[in-house]
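The values are calculated or read from the model by the stated rules, or taken from the named source; none is laboratory data. Please read these numbers as outputs of a predicted model, since none were measured by experiment. Neighbour counts run over all protein chains shown; Cβ positions are idealised from the backbone, glycine included.
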């Protein structure tokens, strides 16, 4: 006799996940055939809670590195360099992932020459790294908002910073044009969450849909694995 299971849902759920200060902002959407229905975003205290959500997410695209170089002497990740080339001037906002050496020792900026953004997000990256395994990569994928917007904008990088009103308006216009129902995410007014985080999560959930429908692009196209057996790629 098979273990008792809950009822089969008539839809799947996908999620875009990004750090929002010390918590995880999750934009989810129900997917059934050609129907894509975004849900109001939610905040989670830990990445484990995201993974344990029920009903479980069929695909997750998270704005955090998955797979690392061993040390500072190792070549930079191929996915980082290739995505920067696609993004042109905006490629500078795709920061180098830390190394396994850094992750294991938790170095600060002066000691390990991390950029400020990476140093601030290091605890969040550690939380993802602790949960990841090759098996998890059937569901959890690394993404980056700039690459998600690149895809949504027809393969053209955005031109303005997300920290400027004109940049946030640019992102909003792209999302409204390409993601039906995205207003539930970007206009949610979630307390304590900046508009730029909502825009990023909305773009990432669009990429999660592409992963689920097997239409997402992988960078690099040919597989690269790190020393822990994790595939090192960015999807969009």
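Scanning segment 47-78 for residues that are part of a helix (DSSP H, G or I) and surrounded by fewer than 22 Cβ atoms within 10 Å (Cβ to Cβ) gives 48, 49, 51, 78.
Among the residues of this structure, residue 45 counts as one that is more than 16 Å from residue 207 (Cα to Cα), without any contact (Cβ under 8 Å) to a residue 24 or more places away in the chain and under 17 Å from the mean Cα position of the chain (by Cα). Every condition in (1) crowded, with 18+ Cβ neighbours inside 10 Å; (2) under 14 Å from the mean Cα position of the chain (by Cα); (3) outside any loop (DSSP other than H, G, I, E, B) is met by residue 97 except one, and the failing one is (3).
Can you find a residue in segment 138-159 that is under 22 Å from residue 47 (Cα atoms), surrounded by fewer than 20 Cβ atoms within 10 Å (Cβ to Cβ) and free of Cβ contacts under 8 Å to residues at least 24 places away in the same chain? Checked segment 138-159: at least one residue is under 22 Å from residue 47 (Cα atoms), surrounded by fewer than 20 Cβ atoms within 10 Å (Cβ to Cβ) and free of Cβ contacts under 8 Å to residues at least 24 places away in the same chain.
Exactly one residue among 38, 3, 7, 19 is over 15 Å from the mean Cα position of the chain (by Cα) and either modelled with pLDDT of 95 or more or surrounded by 13 or more Cβ atoms within 10 Å (Cβ to Cβ) (or both), and that residue is 38. Pairs meeting the criteria (first residue in segment 176-199 and on the phi < 0 side of the Ramachandran plot and in contact (Cβ under 8 Å) with a residue 12 or more places away in the chain, second residue part of a helix (DSSP H, G or I) and exposed (fewer than 13 other Cβ atoms within 10 Å of the Cβ), beta carbons under 9 Å, at least 6 apart or on different chains) are lacking. Each residue in segment 127-160 was checked for being closer than 30 Å to residue 226 by Cβ, out of contact with any helix residue (DSSP H, G or I) (no Cβ under 6 Å at 6 or more places or on another chain) and part of a loop (DSSP other than H, G, I, E, B), and 7 of them qualify.
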